[in-house]
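Written out below as structure tokens is the structure these notes cover.
The values are calculated or read from the model by the stated rules, or taken from the named source; none is laboratory data. If you're wondering where the values come from, they're calculated on a predicted model, not measured in any experiment. For neighbour counting, all protein chains shown are included, and Cβ atoms are generated from backbone atoms with ideal geometry for every residue, glycine included. Just so you know, the surface numbers come from the protein's heavy atoms only, side chains and all, with ligands and any DNA or RNA stripped out. Shrake-Rupley method; radii C 1.70, N 1.55, O 1.52, S 1.80 Å.
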Amino acid sequence: MKINVVRNILEANARIAAENRELFAEKKVLVMNLMSSPGAGKTSLLEKTIDSLKGRMAIGVIEGDIQSSQDAERIAAKDIPVVQINTGGACHLDGNMIRDTFHHFDFDALDLLVVENVGNLVCPAEFDLGEDVKVAILSVAEGDDKPAKYPLIFHESQALLINKIDLLPYVDCSVEKIRAESLKINTQIAILEVSCRTGLGISEWCAWLTDRIAAKGLGIK
Amino acid sequence: MHEMAITQSLVDIIAEEMRAHRAGKLLNVRVQIGQMTAVVPDALRFCFDILTQHTPMAGAELIVEWVPVQARCESCERTFEVKDHAFVCPVCGRSAAATSAGRELSIVEIEVE
């Protein structure tokens, strides 16, 4: 007997992500899903972003890692509410893991929630968390072939940060190639060059992020 | 290896459908996977075989239909197949943003007895 079953395989995750999104909208919090390979600079970018925006808005952070709480400790040092998720082997965060952290946050007092995904250029792009924006980081040390090799993450992200731009003289990486290939995959993607070490481009990045809060129709609480 | 998480969701749906239809054994399952997904079919099959061991789904065939990536041009509104991940309209040469197919991750049909 053949049974017609037309269902989204990830429907359970999609349902939870939709509930998360509804809560974030109701609580007027902008949620960003930050994704990159391990070592591209997600936590460093977060530290710089917090330093730059902390006086102007209330920020919370969810740290996703396979194990350890080193990233959460770096963020906690900034006196910011932070929750560490240890996936215990899973290569990505999903909607349910995000929902499980909600009791740690006072959403009524939060303007921006950043989810630092597990370091991985493949899997996190496939799982909706209920976020408003997905942002990818690619560091110049990883090479300019990454958009062509891992197109999904570049296709799904609203912004791409090209990090460690201060290392350009020392690596064989063409920023022009990264730009051209990323725009071929995603014609709408915003591309910003930054260096978390020197601070180059951080104010432009923070302006882009602050604009997203306005674009969602949210004010600063 | 997010294929394990995806396959677990697939197996959960099949189990639910088999219960609803009082089916005793799964013969095959047909899924549609878009080419703009990060899914490796061999990994999916490997996970499916492991997760269905000692269940009424054991030994069932996993039939994967690949869905090519399509986009709709925002200028001339033509739909075209996206090759090499280039979302550029082959007719008018403009960039297209709207992906109309290729992100599928769907179960389509199961055959049971």
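If you check B:Glu3 against the conditions, is it under 17 Å from the mean Cα position of the chain (by Cα) and modelled with pLDDT under 95? Yes; evaluated as a whole, the condition is true for this residue.
Within the range A:106-117, the set of residues being closer than 14 Å to A:Lys134 by Cβ and in a loop (DSSP other than H, G, I, E, B) comprises A:Asn117 only. Entry remark, the range A:89-106: residues being more than 14 Å from every other protein chain (Cβ to nearest Cβ) and surrounded by fewer than 16 Cβ atoms within 10 Å (Cβ to Cβ) number 5 in total. For A:Gln158, the conditions (1) out of contact with any Ser or Thr (no Cβ under 7 Å at 6 or more places or on another chain); (2) away from every other protein chain (no Cβ under 14 Å) are fulfilled apart from (2). Cβ separations smaller than 7 Å between residues 6+ apart or across chains give no pair from the range A:1-25 residues that are more than 10 Å from chain B (Cβ to nearest Cβ) and more than 30 Å from A:Lys221 (Cβ to Cβ) to residues that are open to solvent by 40 Å² or more (accessible area, probe 1.4 Å) and of a type outside the set (Phe, Trp, Tyr).
Out of the residues in the range A:26-40 that are open to solvent by less than 10 Å² (accessible area, probe 1.4 Å) and more than 20 Å from B:Val39 (Cβ to Cβ), state the one that is nearest to the other protein chains (Cβ to nearest Cβ).
A:Ser36
Which of the residues spanning the range B:12-42 are away from chain A (no Cβ under 11 Å) and within 29 Å of A:Ile185 (Cα to Cα)? If the condition is that a residue be away from chain A (no Cβ under 11 Å) and within 29 Å of A:Ile185 (Cα to Cα), then B:Pro41, B:Asp42 are the ones that fit.
Considering only residues of the range A:59-79 that are in a loop (DSSP other than H, G, I, E, B) and over 17 Å from the mean Cα position of the chain (by Cα), which is nearest to the other protein chains (Cβ to nearest Cβ)?
A:Gln67
Does A:Arg56 satisfy being surrounded by fewer than 22 Cβ atoms within 10 Å (Cβ to Cβ) and either outside any helix (DSSP H, G or I) or within 14 Å of chain B (Cβ to nearest Cβ) (or both)? Yes; evaluated as a whole, the condition is true for this residue. Of the strands (runs of 3 or more DSSP E) lying entirely inside the range B:19-113, those containing at least 3 residues that are open to solvent by 40 Å² or more (accessible area, probe 1.4 Å) span B:26-34, B:61-67. Elements of the type helices (runs of 4 or more DSSP H) sitting completely within the range A:128-221 and holding at least 1 residues that are farther than 27 Å from A:Lys28 by Cβ and open to solvent by 20 Å² or more (accessible area, probe 1.4 Å): these cover A:146-149, A:151-156, A:175-185.
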